[in-house]
Amino acid sequence: MRGKDRPRSSPLVPDGVGAELARHDWANVTCGCGRPADHLEDTLWDAAEGHPAAFHALQGHVFTGTRLWPPAPAACAVLMAVWAAGPPRQAGREALLWTLLSLLSAEDDGDAYGAGLYGQVAAHVRTGLPLLVGVLETGPGSVSGAYAEGILELLVLSA
């Protein structure tokens, strides 16, 4: 049995992803569902293992429609760590790209003095631009390519 003194591990999750998950104080962030966001750690871990449903399960917790919730920047940082570690297999890759596109489709809540949640999310996604461009170049006409194209278009609009 895993407890707080015994961190979760998996051969499917690179150390960098685990470190990014551990870096955030999830318990002190309010989730979109109204509870502390520490329950998102398991969902993000499942996403890092490549379970497509876990990415979709972030809806209502990290984003809802065009609204971002406070855990969005931290969750996006974890998702980008997953992406940087090597894009997952097709179903997981498509779910990850769908999630990034959903995050970037939110309304910009920043102002002239601060980035807001949206600006923080966009900054995290920009770290993966070379890999996103690579998806677009290697998979034109694919679902992954369409998501990557949408992500890149939204990043240009938000710049």
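The values are calculated or read from the model by the stated rules, or taken from the named source; none is laboratory data. None of these values were measured; they are calculated from a predicted model. Here Cβ is always computed from backbone atoms with ideal geometry, including for glycine, and neighbour counts include all displayed protein chains. Quick note on the areas: whole protein, heavy atoms, side chains included, nothing else; ligands and nucleic acids left out. Shrake-Rupley method; radii C 1.70, N 1.55, O 1.52, S 1.80 Å.
Return yes when L132 is more than 22 Å from V13 (Cβ to Cβ), more than 12 Å from the chain's Cα centre (by Cα) and at pLDDT below 95 and no when it is not. Criteria not met by L132. Within segment 126-150, the residues that satisfy the criterion of being open to solvent by 50 Å² or more (accessible area, probe 1.4 Å) and either more than 15 Å from T99 (Cα to Cα) or part of a loop (DSSP other than H, G, I, E, B) (or both) are T127, L129, P130, L131, V133, L136, E137, T138, P140, G141. The condition (being more than 21 Å from G139 (Cβ to Cβ), within 15 Å of the chain's Cα centre (by Cα) and aliphatic (A, V, I, L, M)) is satisfied by just one residue among L40, L97, L12: L40.
Report, by residue number, each residue of segment 135-159 that is modelled with pLDDT under 85 and within 15 Å of A72 (Cβ to Cβ). Answer for segment 135-159, where residues must be modelled with pLDDT under 85 and within 15 Å of A72 (Cβ to Cβ): just S158.
What about W45, is it over 21 Å from Y118 (Cβ atoms) and among the aromatic types (F, W, Y)? Yes, satisfied. Applying the criterion of being surrounded by fewer than 22 Cβ atoms within 10 Å (Cβ to Cβ) and among the aliphatic types (A, V, I, L, M) to the residues of segment 107-125, the residue that is modelled with the lowest pLDDT is A112.
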